[in-house]
Structures are given as structure tokens and as C-alpha cells.
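What follows draws every value from the coordinates through simple rules; no lab data is involved. As the structure is a computational prediction, the values presented were derived from the model and not from experiment. With ideal geometry, Cβ positions are generated from the backbone for all residues, glycine too; neighbour counts draw on all protein chains shown.
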Amino acid sequence: MARKSKKLTEISEIIDGHTIEEFEEINVTVLKELAEELSEIGDPRDEAYVRHKLADIIMIVLFAVMANANEWGEIESFGKKKEKWLRKFLTLEHGLPTDDTYRIVISKLNVQYVYRLITGFLIKKLSEIISEFDKVEKLEEEKELISCDGKVSKSSGRKEGEKERVKSLNTLNAYSSEWDMCIDQEFIDEKSNEIPAMPKLLRRLNLEGTIVTWDALNTQTETVKAVIERKTGKGDYVGALKRNQGTLYDDVKDYFDASKKAEIKEKDKKRCQKKYKSTKEKEHSAIVTREYYLEPDINWLHGKDKWSGLKSIGAEVKTTEKIGGKTEPVCETRYFINSIDDVNDFARAVRGHWGVENKLHWHLDYTFRDDNNTTTKNNGAEGLQLFKKIVMSLLKIAQVIYPPRTSLKKIRYRLSLDYENEVERIFTALNASSIKEVLNK
């Protein structure tokens, strides 16, 4: 299981022992600040046909997705049901928009810009809370992991024989372990794939102090250049290898044979070097042992100069033994090229990469029903997915003030029971002053 976000862990320690019910004095400052931020977004519509304010539409979509709305029709129903409450923050001069209005406006909007604006706003509020309570012991400094991986929204496509063929929405996501959220994404063109999309995504990110991870498909020379060869914000990388890399994969695989792994482990025992690390955990009725091997001495490696910043090669050996089972242990080995030479960073990056699957993609499908959504790309599928990611980030923040082990799905359900009070409390908890009031009671 992926590690818990460092920043949310720090905030959890600040609020330790207090829950959402204690935020009795509702403070709508954060909601108003967000509305003001959104009001600065340029409106792409023809002024002659504008009835509803852009900021109002964006806020309603955000609130509706928080309330368990997954499609445009459900968003329209939410707006009508909650009109009285929405007027506390929004003007709604011409009433509520229809589902077509939400869909058309969001599909025309620069949703990537909206996403970065709201995500940046949330990170800013969390940072203010952490800095306000600097007396709290900070966790050990370590490089932030940014895990990149693609996701296909299965039902967003249309097959041949229908009105027109539309490929399913394919998104390359960048997930931050530091904040436990998707910090950016690149929507992949129908006639393309992840490989050219990866450098575009990476060049938008500030990678200073980070380790970027990706699967074997994206271990490409242009990808590593996008991480290493930049004037500012340069990062590090751990890239998986498979047979698509031909001789590079074979060379690394052959190097980490049984005798070399035994040699590395033996030298580690004698403290001659630090190239080995192992962990053992119980997972789903099995004992899983992970062994990490790192080799910085790679002068012999053919073609190493074409990989910018390459400092080491590595291997992860994962052994799974069923508890009480009669089957033989299952052993899997994976290989990597890296711009790092610390085995602890390597182990954390290899293990942490799966956070993008376990903590982002899985929740999109399980909590937000992304794979079941039939909205196509031309009808606002990109925007709808981005709002789901924003709400996912909000709900993960909210988990800090809900009772322990409250799932994101259960928080969404609780919102449906007492929406207005729950949402106002969640946004109140994003205010450092409100947290101080709760702690001082």
C-alpha cells in the first residue's frame, strides 16, 4: 500500500483528536476566497449570449461533484435542489443553468487552467495551516515523489457503427506523494499515445527536489531529458525497464544475476557499501518481501551516455508467500534506470510509484465511477474528470477531520445526508484561524 501523504500527515498531527463536529463556528472565508479566485478566469463565451456567470457555473459543478453527482444531469438536479444554499455564495441572477449549459460551458473552458488554479489554491491553504503551526514536529525531509501514469476512461468512447467513432478519453496523470493529489495531467490526442505526451507534462512541472517515476513505456530518452536538462526546477528520475528497451533491458537483467545479488547482500551485511534494502509486510493474507538492489558503478553499461543524468541501475525482487498456503512463493523481478544513487530513495520511489494507481486511478473508478461515465471528450469529459480529481483532493483533506478510517466514498455519502453543514465545515477546516479556535476550546 502506498504511503500516506507527508503534508496531510502533518495536518493530521495538528488536528489530532479533533473531528469535523467540533467545527461549530462556520467560517465561509475560504469559500469566498475561492469564488474570488474563480472570478478572475477569462470567459470564452460570446457576451451577447451569457446569462450565467462563469464563476457560478464552476462553483456549482464543484459542489455538485462533492455531493455525489457524476454526470451533467445529476449536476443540474443538484443545483435546483440546493438553490437557496448556493445563493449564500453566488449571485444566480438568472436562476440555475441547465445540464446542457454546464456541459457546453465546461467543454469550451480551459479546464487545465481551472484545475491548476483550484489545486494551487488548496495547496496554498494547506501550506498556510502547516506554517501557522510550526511548533508541530516536521516529518523527515525526503524528496517528493511524482508518479506518472496513464488512465483510460473506458465508457467515454464510441465504437464504429454509432453516429461517429470516438476514442475513450486517455489521460496521463502526474500524482504527488507529498500532497496526495494529481498536480497536473496531459490529455492524449486520439492519434497519439503517452510517449510524446510525457515530456509536455513534465516541462510544465517544477521538479526541483523531486523524483519522477514512470512505467517502462515512458522510459524514453526525451522523457529523461525533460527531467534533467532544464535551467530551473531540475529533478531526478526512476524509470522502469522492459523488453521494449532491447539490449538495455537485457544488460541490466543479466547484471543482476543470482551471484551479483548475493554479492551485494553480503557486502551490505559487512557494511562495505549501501546498495541493498529489504522490507517484509503482511498484505492480503500473504507475506510480501521486497528486496532492492542498486548499482552506481555503470561505466561498463553500453549506451549509457544517451540517457541524461543516468547514475545507476536497479532491481526490485518481490516475493509473495501465502499465509498457511501450500503453493510455492511467487517471485517477480523488475529492473530500472535511475538518476539517483541512494538505495533508500530508490526503494521509496519504486514502491511509491503505485500511489498513482492505488490512490488516484482506483478512486476515480471506485469512488467517482469514472469508467462508467458515458460523457465523450467533445461533450466535456475532460472537464468532468478534472472536477472529480479536485473533489478527490478535497475529500482527502477532509479525511483528516473525519473519524479514523472514514473512506472517501463514505464522506461523499455523509455529504448527501447533511450537505450544507458538512461542506461548510470542510471549507472552514481549511482556515488556519478556525483550526486554532477548535484547538483552544
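Below, the figures for the structure above:
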quantity	calculated
Semi-axis lengths, Å, the stretch 1-46, gyration tensor of Cα atoms, sqrt of 5 times eigenvalues	32, 19, 8
Local electrostatic count at LYS306 - Lys and Arg +1, Asp and Glu -1, tallied over other residues with Cβ under 14 Å	-2
Projected-area mean, the stretch 319-441, by convex hull of Cα positions, square nanometres	14.4 nm²
Integer Hz, Karplus 6.51/-1.76/1.60 couplings in order for the stretch 21-33, x for Gly and Pro	4, 7, 7, 7, 7, 6, 10, 8, 4, 5, 4, 5, 4
Taking the C-alpha atoms of the stretch 1-113, convex hull volume expressed per residue in Å³	164 Å³
Diffusion coefficient, µm² s⁻¹, Stokes-Einstein with Kirkwood Rh over alpha-carbon pairs of the stretch 251-323 at 10 °C and 1.306 mPa s	115 µm²/s
Partners for LYS396 among lysines (Cα-Cα distance below 17 Å; same-chain residues under 8 apart left out)	LYS4, LYS6, LYS7, LYS124, LYS125, LYS359, LYS388, LYS409, LYS410
Rg(Cα)/(2.2 N^0.38 Å) for the stretch 198-258, N = residue count	1.25
Sorted largest first, extent of the chain alpha carbons per principal axis (Å)	74, 61, 52
On Cα atoms only, tilt of 419-428 relative to the major axis of the chain in degrees	60 degrees
Overall form of the stretch 219-297 per C-alpha gyration tensor (a/c, 1.5; a/b vs b/c)	prolate
log₁₀ of I(q)/I(0) at q = 0.18 Å⁻¹ - the stretch 144-277, Debye sum with one point per alpha carbon	-1.05
The chain: calculated mean residue ellipticity at 222 nm from DSSP helix runs of at least 4, using -39500 (n - 2.57)	-12500 deg cm²/dmol
Reduced Cα scattering model of the stretch 200-340, Debye log10 I(q)/I(0), q = 0.11, 0.16, 0.18, 0.19 Å⁻¹	-0.48, -0.92, -1.08, -1.14
Sequence of TRP362, TRP214, TRP300, TRP179 once ranked by neighbouring C-beta atoms within 10 Å, starting from the fewest	TRP300, TRP362, TRP179, TRP214
TYR249, TYR115 arranged by Cβ crowding within 10 Å, fewest neighbours leading	TYR249, TYR115
Prolate/oblate/rounded call for the stretch 377-441, Cα gyration tensor, a/c under 1.5 rounded	prolate
Prolate/oblate/rounded call for the stretch 56-130, Cα gyration tensor, a/c under 1.5 rounded	prolate
Most fluctuating residue given options CYS148, CYS331, CYS182, as computed from a GNM of the chain linking Cα atoms under 10 Å	CYS331
GNM top mover of ASN338, ASN110, ASN68 - the chain, alpha-carbon springs below 10 Å	ASN110
